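Trainee: Below you will find the structure I want to go over with you.
The values are calculated or read from the model by the stated rules, or taken from the named source; none is laboratory data. Computed from a predicted structure; not experimentally measured. Here the Cβ positions follow ideal geometry from the backbone for every residue, glycine too, while neighbour counts run over all protein chains shown. Side chains are part of the model used for accessible areas, which takes the heavy atoms of the whole protein and leaves out ligands, DNA and RNA. Shrake-Rupley method; radii C 1.70, N 1.55, O 1.52, S 1.80 Å.
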Amino acid sequence: MIPLPLVNHRVGRAAVTCEYRCGDACFHDVPNTSDNPYFGDLVSRRTALKAGAVVAAAATIATPATAAAAAPAEKSQGRPPRGLDFKPVQVNTKDEVVVPEGYEQGIVIRWGDPLFPGVPEFDFDNQTAAKQEKQFGFNCDFAAILPLDPLELSGIMVTNHEYTSEPFMFRGYDANNPTEEQARIGWAAHGLSVFMIKRSLFTGHYKPRFSKYNRRITLNTPFEVRGPAAGSDLLKTSVDPTGRKVFGTINNCSGGVTPWGTILSGEENFNQYFANAAGRNDPRLTRYGVTGTATTRKWERFDKRWDLAKEPNEVNRFGWVIELDPHDPDSTPVKHTHLGRFKHETANIRVADDGRVVAYSGDDERFEYIYKFISTGKMKRGNSKAARRHNMTLLDDGTLYVARFKGDSPASEIDGTGKLPSDGKFDGTGEWIPLAAGKKSFVPGMTAEEVYVFTRIAADKVGATKMDRPEDIECHPRTGTVYCALSNNVERGVTAGKEGATEPNPRINNRHGQVLELQERRSDALALTFNWGLFLVCGFPDDPNTYFGGYDKSQVSPISSPDNVAFDRYGNLWISTDADGKLDGLNDGLYGVPLEGPERGHLKLFLTVPRGGETCGPVIGERVITVCVQHPGEVDGANADKPVSNWPDRGTSRPRPSVVAVWRKDRGRLGEIG
Ligand code: FEO
Ligand code: CA
Ligand code: CA
């Protein structure tokens, strides 16, 4: 019997980071050139013609949790709720992890640490692909802990390794002439790591252990393609004429833990790894940002699968949500085609009242969409082998939807600054538009297979709402409200021909992002309509056009570019950031914020990560918080020959992406220090 998760945790960047992580997504033309209008625009026009009717209808719809957000002056400020009673840290530019008074921290695992007995200790100057296959990978992003006991003393930790930054991995790296061994190290440093952790009773420090669970998933690991597009001609290659078997997963950003104890992980900026799209004149490639000739890493020189001229369909085999069973190290991980193909940030599950499962996922690029999948089958309770086997098929059959949002304020009041409209809220309603179910397409002119493989194009056709980079999306374990981090969009209303401010994306040149609350219209997750509101409009609190759930802004921490969201056992929201230096060059961090009561919106900074790093993959336990520190020291002008960070090994060492654990010095419960 396998213990199931106690809580459904999930859980301007340097140019070099933009190039290696996202393939310079921010510097390319935005791939979404569709002219599908924002639904609010249609409403506004209609409102002008039939004044009152639509507004009156909207007014009958209760707004979700945002309804609780009163004007700041009316709020009383009380004691911090359970889990958030800590003194916030100050924003800073230090080359270290900064935690609140009364807390301690330690490294759980670093890039290159061995995961198996007999594997050599990491040696920066003598790395090999064979060693990297057995060591912790590079640039950890998502993390999850599957507890192996109820006291959080041991667990299985799973992390994603989003991308490699070769100039920081090799001294004297020649980007024009990488060696084959450097490419192979890159293949092995991508993917996921699975390993057991144990917590010291005396400190709270999690440390990795060798165990039967330990495993590396790399670009060489076989995956099974499942769902209605499995076996499609669009997925067949010379190596895999079945269209059902893919080696590896790539650019895995965030992820989720399913109620049946598996891991979901999103393949995000896969486009950048594929060479020689130029000249193909294929709109299905450009819609995904697959453009250009040579790639940054030049892997196409060492394996033809990265060369579109030689293997045109390999690119269609990435951009999926994958599922991994960490409890079974011999299991074959899966690519789920029914959840669609786009730049998946993540996927997270909510179980509907009748047992069907709902997966939410965002497409993280400017002006892209939010999706939802509803299964046909129902989840079996319990953790027997038979139940788990059944539950691991639930994402194979169902219906895929995309979100269309409607604001309830007149378009004239959404002026692009972030100033609240006269009803005091950025809020409204929305609907889920069906795209495909099994072999049935709901999109005119597209087969179901095409909908799954070219999901962005299908969503364009049905008029989905263009959002400001949907990052993590996760369901509150108690209230069912869905929280989505919309990271930023500096092209909104700026670039000619691009959509301007809309009520869910209310700022032009949106540097700091917002956090969206979405509540299905009924308690049932199967609902096809929802209410929504913005919980946070991020930035500096002294900016009059930021919003912190209605809380007194003189009391909150500044925040930019929300990325990952997580919940603690008390129902508070935690947010980690990827601010690209947009917060005046200050370091990224992890924030806690209450969602209910008089303290709703009282955002507090819990920790910051070292210079150049990004805070990701928060796991909020009862006594330990873990975060991943991705790309520490990755700032322009730096590289392995000129490091600007020596975290975490200090001295003259090179920075190493790592997982950090934070606990109370007195080993008490988190957030209960007065
Ligand atoms: Fe890899 Fe969407 O952040
Ligand atoms: Ca409104
Ligand atoms: Ca992310």
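Trainee: In deg cm²/dmol and to the nearest 500, what is the mean residue ellipticity at 222 nm of the chain if only DSSP H runs of at least 4 residues count, each as -39500 (n - 2.57), divided by the residue total?
Mentor: The helix-only estimate for the chain comes to -2500 deg cm²/dmol at 222 nm.
Trainee: Aspartates and glutamates within cross-link reach of K378: Cα-Cα under 17 Å, excluding same-chain residues under 8 positions apart?
Mentor: Within reach: D353, D354, D396, D397, D524.
Trainee: Next up: Test of the criteria: in the stretch 100-145, which GluC sites (Glu not before Pro) are in a DSSP loop and have at most 16 other Cβ atoms within 10 angstrom of their Cβ?
Mentor: Passing sites in the stretch 100-145 are E101, E121.
Trainee: Further question on the same structure: Loop-only check: which trypsin sites (Lys or Arg not before Pro) in the stretch 366-401 are DSSP coil with at most 11 other Cβ within 10 angstrom?
Mentor: Here no trypsin sites (Lys or Arg not before Pro) fit, given the DSSP loop and packing criteria.
Trainee: Amide H of G191: which non-local residues (sequence gap of 5 or more, or other chain) have their own amide H closer than 5 Å, using H built in the peptide plane?
Mentor: Long-range HN contacts for G191: H161, N251, N252.
Trainee: List the chymotrypsin sites (Phe, Trp or Tyr not before Pro) within the stretch 104-162 that DSSP assigns to loop and that have no more than 14 neighbouring Cβ atoms inside 10 Å.
Mentor: Nothing satisfies the criteria.
Trainee: For the stretch 184-294, what are Rg and Dmax over the alpha carbons, in angstrom?
Mentor: Considering the stretch 184-294 through its Cα atoms, Rg and Dmax are 18.2, 62 Å.
Trainee: May I pose another question? Arrange the residues Y103, Y570 by how much accessible surface each exposes, largest first, with a 1.4 angstrom probe.
Mentor: Largest to smallest exposure gives the sequence Y570, Y103.
Trainee: Out of residues 5 or more away from M379 or on other chains, whose amide H comes under 5 Å of its own, with H placed 1.01 Å from N in the peptide plane?
Mentor: Under 5 Å from the amide H of M379: R356, V357.
Trainee: Still on this structure, please answer the following. For the stretch 325-373, what value does the Rg/Rh ratio take when both radii are computed over Cα atoms and Rh is the Kirkwood radius, given to two decimals?
Mentor: 1.05
Trainee: HN-Hα J couplings of the stretch 553-560 from phi, Karplus 6.51/-1.76/1.60, θ = phi - 60°, integer Hz, Gly and Pro as x?
Mentor: Those phi angles translate into 6, 5, 9, 10, 8, x, 8, 9 Hz.
Trainee: Still on this model: Beta carbons within 10 angstrom, averaged per residue: use that to sort the peptides 354-362, 339-347, 303-311, 423-431, highest first.
Mentor: Top to bottom by mean Cβ count within 10 Å: 339-347, 354-362, 423-431, 303-311.
Trainee: Using per-residue counts of other Cβ atoms within 10 Å, averaged over each peptide, order 81-90, 186-195 from highest down.
Mentor: Ranked by mean Cβ neighbours within 10 Å, highest first: 186-195, 81-90.
Trainee: Starting from the amide H of R600, placed 1.01 Å from N in the peptide plane, find each other amide H under 5 Å away whose residue is 5 or more places distant or on another chain.
Mentor: Amide H to amide H, under 5 Å and 5 or more residues apart or across chains, R600 pairs with nothing.
Trainee: Right, here's the next one. Per residue, how much accessible surface does the stretch 111-219 expose to a 1.4 Å probe? Answer in Å², no decimals.
Mentor: Counting only protein heavy atoms, the per-residue value for the stretch 111-219 is 35 Å².
Trainee: Continuing with the same structure: Based on the alpha-carbon gyration tensor of the stretch 109-254 and its eigenvalue square roots a ≥ b ≥ c, which shape applies: rounded if a/c is under 1.5, prolate if not and a/b is larger than b/c, or oblate?
Mentor: Taking the square roots of the gyration eigenvalues as a ≥ b ≥ c, the stretch 109-254 is oblate.
Trainee: Over 5 Å intervals from 0, what percent of Cα-Cα pairs in the stretch 70-169 sits in each interval?
Mentor: Here the calculated profile for the stretch 70-169 is 2, 8, 12, 14, 17, 14, 11, 8, 6, 3, 2, 2, 0.
Trainee: I need to check one value: relative contact order of the stretch 319-463, counting alpha carbon pairs closer than 8 Å and at least 6 residues apart, in percent.
Mentor: Computed value for the stretch 319-463: 19 percent relative contact order.
Trainee: To one decimal place, what Kirkwood hydrodynamic radius in Å is obtained for the chain from all pairs of distinct Cα atoms?
Mentor: Result for the chain, one decimal place: 24.8 Å.
Trainee: Continuing with this model, one more query. Which aspartates and glutamates have a Cα lying under 19 Å from the Cα of K94, excluding residues fewer than 8 positions away in the same chain?
Mentor: Excluding near neighbours in sequence, the set is E104, D578, D580, D584, D588, E614, E634, D636, D649.
Trainee: Can you work out ³J(HN,Hα) from phi for every residue in the stretch 375-392, in order, using Karplus 6.51 cos²θ - 1.76 cosθ + 1.60 and θ = phi - 60°, giving whole Hz and x for Gly and Pro?
Mentor: 6, 7, x, 10, 6, 8, 6, x, 10, 5, 4, 5, 5, 5, 4, 5, 5, 6
Trainee: Tabulate in residue order the Karplus-calculated ³J(HN,Hα) for the stretch 269-283, using 6.51 cos²θ - 1.76 cosθ + 1.60 with θ = phi - 60°, rounded to whole Hz; enter x for Gly and Pro.
Mentor: With the stated coefficients, the stretch 269-283 comes to 7, 6, 4, 5, 8, 10, 9, 6, 7, 4, x, 6, 6, 10, x Hz.
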